[in-house]
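The values are calculated or read from the model by the stated rules, or taken from the named source; none is laboratory data. Computed from a predicted model, the values in this text were never measured in an experiment. We place every Cβ from the backbone using ideal geometry, glycine too, and count neighbours over all the protein chains shown. Ligands, DNA and RNA are stripped out before the accessible areas are found, and what is left, the full protein with its side chains, is counted by its heavy atoms. Shrake-Rupley method; radii C 1.70, N 1.55, O 1.52, S 1.80 Å.
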Amino acid sequence: MNTNTEKQRIFSGIQPSGNITLGNYLGALRHFPELQDDYECLYCIVDMHTLTVRQDPELLKERSYSLLSLYMACGLDPDRSILFVQSHVHQHAELSWILGCYTYMGELNRMTQFKDKSAKHADNINAGLYTYPVLMAADILLYQSRFVPIGNDQKQHLELARDIAIRFNKLYGETFTVPEPLISKQGARIMSLQEPDRKMSKSDTNSGNFVLVTEEPDSIMKKFKRAVTDSGSEVRFDPENKPGISNLLNIYATVKGITTEDAEKEFAGSRYGDFKMAVGSAVCDCLAPIREKYELLMSDRAQLDGILGRNAERAREIAEITKKDVYRRVGFIL
Ligand code: ATP
Ligand code: LTN
């Protein structure tokens with residue numbers, strides 16, 4: 001367990017399964033930098049999780065570098081936070097096996113992400129897709145993480161990680177810190193621009209559904225212009241009856257740092273077309289500085305490799321402490 005004199009830990013991960021969307025940014029990544037001062041933060045590029053869906057090897061590698069650059073472009077400092085690649089730290093896979101033996105199939109059967117992804121990839125419902133939440137629990141529990149900043153869609157997985165930690169602690173004594181989710185009030189669930197009843201997802205095959213953090217302003221504006229609204233004419237926050245408009249209000253409020261009520265007031269009486277353009281340009285303003293930094297960082301591979309190497313070493317040191325403790329408790333010879 002963490003002693004009181006140490007800073008509490010934060011852990012979060014994003015899959016390099018595609019380019020990072022506005023949804024990933026507003027739901028999760030945006031909050032990562034602000035936690036760096038008060039906590040010891042670990043932000044992982046969870047490449048092992050991406051194999052649950054078929055990936056192109058060259059693209060996967062490229063996207064891992066890209067995610068590291070984006071972490072830094074958003075304000076993460078690799079000397080303060082530990083920014084690393086999951087597959088560089090062998091303890092994730094090792095702990096995952098053990099935790100799998102303390103997870104019930106009934107629990108995994110209930111996971112909505114498994115159900116959604118099985119439906120989406122019916123030709124490849126593999127065992128990794130099923131045990132995905134166990135690996136995620138290992139990611140978090142290895143570092144005795146206290147808080148986990150995530151979007152709303154990951155809440156169920158975090159609950160499972162908590163249940164596994166509590167179960168293991170009951171059997172073997174206090175081994176794991178029981179983690180808690182950090183879910184923001186606004187921006188925790190950004191919906192698709194074309195199908196606003198589905199979440200914005202980076203692995204979506206229709207690029208009109210998402211906006212990328214690194215996308216050019218022209219292209220962003222086009223996507224907002226084409227965003228699906230409704231047959232009415234009132235800019236009103238009503239997710240059930242007006243999912244498109246409500247999603248746009250949520251996006252606007254989150255990037256501007258205001259409430260959806262205030263956003264609604266600002267656009268009272270506006271035409272849909274003008275409203276959509278205002279949301280698009282607020283998003284462009286928010287993302288432009290990130291894109292500039294990102295491009296600079298991506299141009300120096302040697303620097304990125306150096307950061308990954310150093311940070312993986314720091315992560316392995318922490319992870320080994322928990323892994324050894326777990327091995328000892330279950331009765332493995334050390
Ligand atoms: P994939 O499409 O490959 O499943 P994804 O876009 O759903 O990926 P993840 O890598 O699984 O993204 O998630 C990274 C983080 O972004 C998680 O904390 C997740 O909760 C958050 N997140 C993902 N999509 C959204 C969204 N639409 N709105 C808010 N947060 C989101
Ligand atoms: N399952 C998450 C990504 C993820 C994660 C984690 C998030 C893997 N391991 C640990 C937080 C903590 C996702 O699909 N968004």
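Helical runs (DSSP H, four residues minimum) scored at -39500 (n - 2.57) apiece and divided by the length of the chain put the mean residue ellipticity at 222 nm at -16500 deg cm²/dmol. Taking all protein chains as they are arranged and a probe of 1.4 Å, the heavy atoms of MET221 leave approximately 50 Å² accessible to solvent. Taking every protein chain into account, the 1.4 Å probe leaves VAL211 with about 0 Å² of accessible area, to the nearest ten. Using a Gaussian network model of the chain whose springs link C-alpha atoms within less than 10 Å, name the residue from ARG63, ARG80, ARG316 with the highest mean-square fluctuation. Of ARG63, ARG80, ARG316, the most mobile in the Gaussian network model is ARG80. Looking at the stretch 104-221, the accessible area is 45 square angstrom per residue; that uses a 1.4 Å probe and ignores ligands, DNA and RNA. Considering only DSSP beta bridges whose two residues both sit in the chain, what percent are antiparallel, to the nearest 5? If we restrict to bridges inside the chain, about 10 percent are antiparallel.
In summary, the aspartates and glutamates within cross-link reach of LYS115, defined as a Cα separation below 15 angstrom excluding same-chain residues under 8 places away, comprise GLU107, ASP123, ASP153.
Normalised size of the chain, defined as Cα radius of gyration per 2.2 N^0.38 Å with N residues, equals 1.03. Candidate membrane-span-like segments in the chain, meaning DSSP H helices with Cα atoms spread over at least 18 Å of their own axis and a Kyte-Doolittle mean of 0.0 or above, are 57-73, 127-142, 243-256, 272-298, with no membrane implied. For LYS265, the lysines whose Cα comes closer than 30 Å to its Cα, not counting residues fewer than 8 places off in the same chain, are LYS185, LYS199, LYS222, LYS223, LYS225, LYS242, LYS256, LYS276.
Please give, to one decimal in nm, the separation of the simple spin-label points placed at LEU60 and SER203, each 7 Å out from Cα toward the Cβ. The two pseudo-label positions are separated by 1.2 nm.
Label the stretch 248-334 by shape, choosing from rounded, prolate and oblate, from the square roots a ≥ b ≥ c of the eigenvalues of the Cα gyration tensor; if a/c is under 1.5 it is rounded, and otherwise prolate applies when a/b is larger than b/c, oblate when it is not. Because a/c hits 1.5 or more and a/b fails to exceed b/c, the stretch 248-334 counts as oblate.
How would the stretch 2-127 be classified by its alpha-carbon gyration tensor: rounded, prolate or oblate, with rounded meaning a/c under 1.5 and the a/b versus b/c comparison settling the rest? Oblate, because a/c is 1.5 or more while a/b does not exceed b/c. The lysines within cross-link reach of LYS61, meaning a Cα-to-Cα straight distance under 17 Å and a gap of 8 or more places when in the same chain, are LYS202. Ligands, DNA and RNA excluded, the heavy atoms of THR175 present near 0 Å² of accessible surface to a 1.4 Å solvent probe.
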